[in-house]
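Some notes on the structure that comes next.
The values are calculated or read from the model by the stated rules, or taken from the named source; none is laboratory data. Computed from a predicted model, the values in this text were never measured in an experiment. Heads up, the Cβs are rebuilt from the backbone with ideal geometry, glycines too, and the neighbour counts pull from every protein chain shown.
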Amino acid sequence: MLQLFRRSRHYPIDIVKFTRLWFRYRLSSDFIFQGPLKFPLLESLLVRFMRQLGARCAVVVHDVVPHYRRPFGPFIYKIYYRSFSARVFHTGSAKSAIDASNSKFAENSVVVPHGNYDIFNTKSLTRETARAVLNLPAGSNRLVVLSFGNIEDRKGIHELLDAHVELTNSGVDPITIIAGKRMFDSSSRLAITLKSDHLPDDVVLADYRIPFDQVQNYFSACDVVVLPYREGSTSGVLKLAMAFGKPVVAAPVGDLRFEVNGDLGILMKENWDASELAQSIATINERLGTFSELVRVESAKYGWTEIVDKVVSLLDSGVVGDKPADGDGASATR
């Protein structure tokens, strides 16, 4: 198995390298794409051309439509997914959304859960060591709540800060960490809220892209991970929390409504608010040992060996054909 694509800045070089290698190995290789790499229309034409010459191509659908909307995004992505002879989905809801656009998809699609992100856990840090690395406020036994990932309005940051105040007033005495790259305008309400002189002393803000080797510091240091999103489809943060054995509190959006069960933490109600978020965090805090053990057991089901075996069996099962799905109007390479 070869990994050919790196970060986006390497795309022009890697797409050429990929094409050259495909011409070299095309008669004996299967190709698995992890969603659109950069330019869905260009890549869909490449896949169709490859299939015309006999390559077997499957796609792993991470987000049905990306978090960050593009003009004509749904139409473009529909063409992209139809270019493949088989599709691998992480959840049943994502599969249903794509199957609905073409009845032929259902028989050539499977659901394989996304694996946990244990590659980030390279040091197996103790909670105490990680908290010392982050130089968190005094009190090693205090509850630490983590919001991780790009910081933007849809992530429920305002509600999290309100919940922090409620927890403090109720005697829980939490430390709340908000870590991730700033994805909002400097004049926005969120920017004003996150100014240092507006934040409580026990709210730690790390508003920059967290380097790979530092991700484990935050997840090892925390007790609970919060996903109070107002909108979204999937969340890699959930798989990070699982990898580190951390229970979550999540809003019922996108695939979270199906993935977060009693073993992984608490799924809030549809019309949740800051008070429900605070109460859910408090509930996990009261049963932290039980929740943490449940997450560790559940996370073991998402190992990458089992997941790779399921994807390979899809290719070996014979359902991967050699022609693009019909009916999408993109026939330039047929």
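Can you tell me which of (1) buried (at least 24 other Cβ atoms within 10 Å of the Cβ); (2) in contact with a strand residue (DSSP E or B) (Cβ under 6 Å, 6 or more places away or on another chain) is the one L277 doesn't meet?
Exception for L277: condition (2).
Do we have any residue at all in the range 213-229 that's of a type outside the set (S, T, Y), more than 25 Å from N121 (Cβ to Cβ) and within 17 Å of the chain's Cα centre (by Cα)?
no
Exactly one condition in (1) modelled with pLDDT under 95; (2) surrounded by fewer than 16 Cβ atoms within 10 Å (Cβ to Cβ); (3) more than 24 Å from R230 (Cα to Cα) is not met by N169; state its number.
(1)
Which fully enclosed strands (runs of 3 or more DSSP E) of the range 216-268 have 1 or more residues being surrounded by fewer than 22 Cβ atoms within 10 Å (Cβ to Cβ)?
Those strands (runs of 3 or more DSSP E) span 265-267.
Which condition from (1) surrounded by fewer than 20 Cβ atoms within 10 Å (Cβ to Cβ); (2) assigned to a strand (DSSP E or B) is the one that H158 breaks?
Failed condition: (2).
Yes/no matrix, rows are residues, columns are (1) in a loop (DSSP other than H, G, I, E, B); (2) in contact with a strand residue (DSSP E or B) (Cβ under 7 Å, 6 or more places away or on another chain):
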{"position": "R142", "(1), (2)": "yes, yes"}
{"position": "L167", "(1), (2)": "no, no"}
{"position": "I178", "(1), (2)": "no, yes"}
{"position": "I192", "(1), (2)": "no, no"}
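Where the second residue is crowded, with 17+ Cβ neighbours inside 10 Å and acidic (D, E) and the first is touching a residue at least 60 places away in the same chain (Cβ under 8 Å) and over 17 Å from D118 (Cα atoms) and lies in the range 288-304, which pairs have Cβ atoms under 9 Å and are six or more apart or on separate chains?
Correct list of pairs: L288/D223.
So which residues in the range 294-314 are aliphatic (A, V, I, L, M), in contact with a strand residue (DSSP E or B) (Cβ under 8 Å, 6 or more places away or on another chain) and under 17 Å from F89 (Cα atoms), if there are any at all?
V311, L314, listed by residue number.
Of the conditions (1) small (G, A, S); (2) modelled with pLDDT of 75 or more; (3) buried (at least 16 other Cβ atoms within 10 Å of the Cβ), G54 clears all except one; give me its number.
(3)
Select from the range 257-294 the residues that are touching a Leu at 6+ places or on another chain (Cβ under 6 Å), of a type in the set (A, V, I, L, M, F, W, C) and over 18 Å from V172 (Cα atoms) and list them in ascending order.
Quick first cut of the range 257-294, residues touching a Leu at 6+ places or on another chain (Cβ under 6 Å) only: 260, 263, 278, 285.
Subset that is of a type in the set (A, V, I, L, M, F, W, C): 260, 278.
Scanning the range 257-294 gives a single hit, V260.
Which ones in the range 118-139 are in a loop (DSSP other than H, G, I, E, B) and at pLDDT 90 or above?
N121, T122, K123, S124, L125, T126, N135, L136
Going residue by residue through the range 197-212, is there one that turns out to be among the aliphatic types (A, V, I, L, M) and in contact with a Gly (Cβ under 7 Å, 6 or more places away or on another chain)?
Checking the range 197-212: at least one residue is among the aliphatic types (A, V, I, L, M) and in contact with a Gly (Cβ under 7 Å, 6 or more places away or on another chain).
So which residues in the range 57-77 are surrounded by fewer than 20 Cβ atoms within 10 Å (Cβ to Cβ), under 24 Å from F18 (Cβ atoms) and either at pLDDT 80 or above or among the basic types (K, R) (or both), if there are any at all?
V60, R70, I76
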